[in-house]
Amino acid sequence: MDARQFRKEALILKCIRHPGIPVVYDLEEDEDFCYLIEEFLEGDSLYALVSDMGHFSKAMTVRYGIQICHLVNILHSAKPTPILYLDLQPRNLLVCGNIVKLVDFDHAIHLDEAEYLTKSYGTVGCAAPEQYTGEDLNERTDIYAIGAVLYYMLTGKYPEKKPVYPRALIDRKLAKVIHTCLKEDPKERYDSAYQLGGELECIEEQMVKNREGAFGEDPGSSLTVAVAGAFPGAGATHIAISFAAYLWRRGISALYEEKNGSDAVRQMADCTGSGMDRYGVYRIHGLPMLPFYGDAAKLEPHPYHVVVRDCGTSMLNFSQEPADGYLLVCGSKPWQWKNTRDAVQFLGNLPGMAVIYNQFCGRLAVRLPGPAGEAECFLMPDSPNPFVHPKAVKQVYDEVFFSLAGRRPGGILQTCLAKIRRFLSRKA
Amino acid sequence: MFGKNKKIFEQKGIGRNWRTLGIIGAGRGTGVTHFAVWAANYLTGVRRGKTAVLEWNRHGDFMHMAGFCGSIGKEMPYKILEADYYVQAGAKELAECLNGNYRYIIVDYGEITGQGFTDCARCDLKVIVGSLSEWRAEAFLKVVREGEKRDKSWKYAAVFGSEETRESIEKSYRIPVWRIPCAKDAFSITYADMIFLKELLGD
């Protein structure tokens, strides 16, 4: 990149102020090099997350898609001249916390410069057809790239000439939106990122109604779920990680928090070579995980909305933990019944408690010890990898989440139901 | 740099559960006790390893600290924020720690003396804390000059003094001199402290 281009990038960044776009502090030059001093961003690129965790869920794709549209719309609405980004691709989108940030403005130009461009750059798989043919570039060039990124998030692949939409991953409405973005003729694509964002918001609303989305999570509220095992080896850590990963995959800003002395997070971080951020959080296979720190550690409060707190096997600590919901992980094998029964009896009628019978095997579990009071029971099938959820496991977590979220006054589900009721009453 | 440190601390500890960290000062008032307490709080609070801190000098700082924290007259070693402090420790206390279930044993040797230095050399990782202030740098330089053949388990570190002096020592003697960040509270480990201590101590 030459110095002129470098200065141009700095000038473009300097005229935009948005939390999703890095702040430029300074531009320095010496005889050999130019230096752009930018805000330090901690996070993983969409590319790294998909490589690490596999493709995203529909809810997560829609949620991030809305944020990307918003960012691109900010650029396209820049005054006095709109800015075209022209290299939107998964490596240039960072997920920090649960917020998408756009980086690397190498190829960004002002709209009025587009017609004088002699060479066009882009990323294979995400670049619009007009970037290859040298035709005029405009806002719709970025719309194509948004479609390509949406497709990538959903399938883990870049779109081909005739993209295939796997039925299991995508619904018709979302496929139609992506299809419109990826039209070869720019005029057939959406007019603006604002319009595209609106379409995605409609899909998200529909998902809320169908109880399959991110539930329009209210950023002002937070939800803490305490998890404990009825006995060592019951699988509390496995379930807590798995449940946090499930929430994260649904597009919910979820964190696994270790509140026991197992040191599991640090051991996993050492194995995977993950480093911690300023909140003390490690990202392991894309999932934010907070190890157990002592009182001496002074870290910034984390920004996550839903916390899955792994309380180990101390029933006393578990029952005293301030949380919105409690998950007791029990064994379902006959030789684990006594421990399970003791734990359930000890906890009695802990409000908001649900019981998970882990590694449930129908043939062995002849008689399940019934929990006390009104605690709900869930039968969790065996799943070796806590970061990946087979269909049967996902179904159980769907039920667990709706049970927990619905139970809390003002909880995420209840907030959404209230919103839907208000909407319906307005319609009436 | 971190990779090498990690290797030293791990290799020295093969076959046993504990690691020893010796801290010794090139002169008086260089911040050895502050560093020992700070490191102990990092190892307990962040690395979650059971840690003992042994006062291997006659300054009496640990007794003053016990008085301040209301631990006088209580069972010894006394505990502050999960770390155990051994006042005026000797061979008996060290043996007790080695046979106990500690993961980290930090020994505060105070300022350099003949025997203290020899004892410190037996630790897995040794940190020589000096001051680079013009009126104190000579003591630090003397230690650096005498130890040109020391292996990488010896670390040189300083809180005070100019950056120019530090860089000049690094250049002249081809050794890294770590700049210890000025931590006002030895019982509080911030994110910046964690980054520094992870680099210095490894493991």
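The values are calculated or read from the model by the stated rules, or taken from the named source; none is laboratory data. The shown structure was predicted, so the numbers you read here are calculated from the model rather than taken from an experiment. Here the Cβ positions follow ideal geometry from the backbone for every residue, glycine too, while neighbour counts run over all protein chains shown.
One table, with the values for the structure above:
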quantity	calculated
Of all residues making up the stretch B:183-203, the number that are farther than 16 Å from A:Ala297 by Cα and surrounded by fewer than 17 Cβ atoms within 10 Å (Cβ to Cβ)	1
Subset of the stretch A:283-322 (residues that are part of a strand (DSSP E or B) and either within 12 Å of chain B (Cβ to nearest Cβ) or within 30 Å of A:Leu350 (Cα to Cα) (or both))	A:Leu287, A:Pro288, A:Met289, A:Leu290, A:Ala297, A:Val306, A:Val307, A:Val308, A:Arg309, A:Asp310
Verdict on A:Phe231 being of a type outside the set (Asp, Glu), within 14 Å of another protein chain (Cβ to nearest Cβ) and either outside any helix (DSSP H, G or I) or more than 30 Å from A:Pro334 (Cα to Cα) (or both)	no
Any strands (runs of 3 or more DSSP E) falling wholly within the stretch B:68-178 and containing at least 1 residues that are at pLDDT 85 or above and in contact with a Gly (Cβ under 8 Å, 6 or more places away or on another chain)	B:104-111, B:125-132, B:154-161
Residue, nearest to the other protein chains (Cβ to nearest Cβ), within the stretch B:149-159, restricted to residues that are crowded, with 16+ Cβ neighbours inside 10 Å and more than 22 Å from B:Arg47 (Cα to Cα)	B:Val159
Candidates B:Ser172, B:Ser131, B:Ser162, filtered to the one that is touching a Phe, Trp or Tyr at 6+ places or on another chain (Cβ under 9 Å) and away from chain A (no Cβ under 14 Å)	B:Ser131
Residues (in contact (Cβ under 8 Å) with a residue 60 or more places away in the chain, in a helix (DSSP H, G or I) and under 20 Å from the mean Cα position of the chain (by Cα)) located in the stretch A:149-195	A:Val149, A:Leu150, A:Tyr152, A:Met153, A:Leu154, A:Thr155, A:Leu174
Qualifying residues in the stretch A:259-279 (those that are over 20 Å from the mean Cα position of the chain (by Cα) and among the acidic types (Asp, Glu)) - the one farthest from A:Ala297 (Cα to Cα)	A:Asp270
Residue in the stretch A:117-151 that is surrounded by the fewest Cβ atoms within 10 Å (Cβ to Cβ), counting only those that are charged (D, E, K, R) and in contact with a strand residue (DSSP E or B) (Cβ under 9 Å, 6 or more places away or on another chain)	A:Glu139
Some residue of the stretch A:125-133 being part of a loop (DSSP other than H, G, I, E, B) and among the charged types (D, E, K, R)	no
Selection within the stretch B:179-203 - outside any loop (DSSP other than H, G, I, E, B) and within 14 Å of chain A (Cβ to nearest Cβ)	B:Ile189, B:Tyr191, B:Ala192, B:Asp193, B:Met194, B:Ile195, B:Phe196, B:Leu197, B:Lys198, B:Glu199
